[in-house]
Amino acid sequence: MRILLSIFFSLTLVGCSVIPAGTNKDNEIVKTESWQVSPTFELTDKNEKGETVTAKFRGEKDRLAVSSNPFKAGKEDKYMWLLWAEKSDELVGKKAKIVGTNKVGERIDIPMRTVTLGGENYGSTAHLPSLFSLPYKGLWRLDVFVEQKLFGSIVVDVQ
């Protein structure tokens, strides 16, 4: 009996954090993208001292990118998200959410301390600083939603 209660309790906890594959938290159907790791590219900007700085990002230039520091399973790190649009009011000040899906189909909401998109950064229309980790090794697709609409996806390889 104790074993059955333990299994039930464990499944209940897991069920609270994992979202069924193919849907987001609001049960909206999400388009499945390729599982090819998103390419990297470099962007330049000026720092507070006016010096040119270069950083590497992963994703689709002029659409959606995340800083390309390595993703390590269970290890929290800082990641900068960049988003581009025709007009800043399409993104700046809007609410963003990130949902991760691994290749097995497990989905998790990425906990974010900041959910409101800020202004320009590295030539992007908007940016979002984040601090998070992904729980397991392997390929993960990170779906970025702006005002509950899928904005784009990036595939990363978690070590």
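For Glu86 and Trp35 in one chain, what is 0.36 nm times their gap in residues minus the Cα-Cα distance, to one decimal in nm?
Numbers: separation 51, 0.36 × 51 = 18.36 nm, distance 2.77 nm.
That works out to 15.6 nm of additional length.
Give, in nm to one decimal, the length gained when the segment between Glu48 and Lys61 is fully stretched (0.36 nm per residue of separation minus the Cα-Cα distance).
Values: separation 13, 0.36 × 13 = 4.68 nm, distance 2.37 nm.
Net length gain for the segment: 2.3 nm.
In this model, which of Lys72/Lys95; Lys72/Lys103; Lys78/Lys103; Lys97/Lys149; Lys95/Lys137 are farther than 21 Å apart at the alpha-carbon? Walk me through the numbers on the way to the answer.
Working: Lys72/Lys95 26 Å; Lys72/Lys103 16 Å; Lys78/Lys103 23 Å; Lys97/Lys149 9 Å; Lys95/Lys137 28 Å.
Result: Lys72/Lys95; Lys78/Lys103; Lys95/Lys137 exceed 21 Å.
Please list, in order along segment 149-159, the HN-Hα scalar couplings obtained from phi with the Karplus expression 6.51 cos²θ - 1.76 cosθ + 1.60 (θ = phi - 60°), rounded to whole Hz, x for Gly and Pro.
10, 4, 8, x, 9, 9, 9, 10, 9, 8, 8
Counting other beta carbons within 10 Å of each residue's own, what order do Ser130, Ser88, Ser34 fall into, fewest first?
Values: Ser130 19, Ser88 13, Ser34 9.
Starting with the residue having the fewest Cβ neighbours, the order is Ser34, Ser88, Ser130.
Quick one: Cα centre-to-centre distance for segment 109-148 and segment 57-86, in angstrom?
7 Å
Rank by packing, highest mean first: peptides 72-82, 140-150, 39-49, with packing defined as the count of other Cβ atoms within 10 Å averaged across residues.
Per-residue Cβ counts within 10 Å, averaged per peptide and sorted highest first, yield 140-150, 72-82, 39-49.
Subtracting the Cα-Cα distance from 0.36 nm times the residue separation, let me have the gained length for Lys78 to Leu150 in nm, one decimal.
Details: separation 72, 0.36 × 72 = 25.92 nm, distance 2.23 nm.
The Lys78-Leu150 span can extend by a further 23.7 nm.
Since every read-out is calculated from the coordinates, none of them should be taken as a lab result. The structure presented is a predicted model; accordingly, all values stated were derived computationally and were not measured. Heads up, the Cβs are rebuilt from the backbone with ideal geometry, glycines too, and the neighbour counts pull from every protein chain shown.
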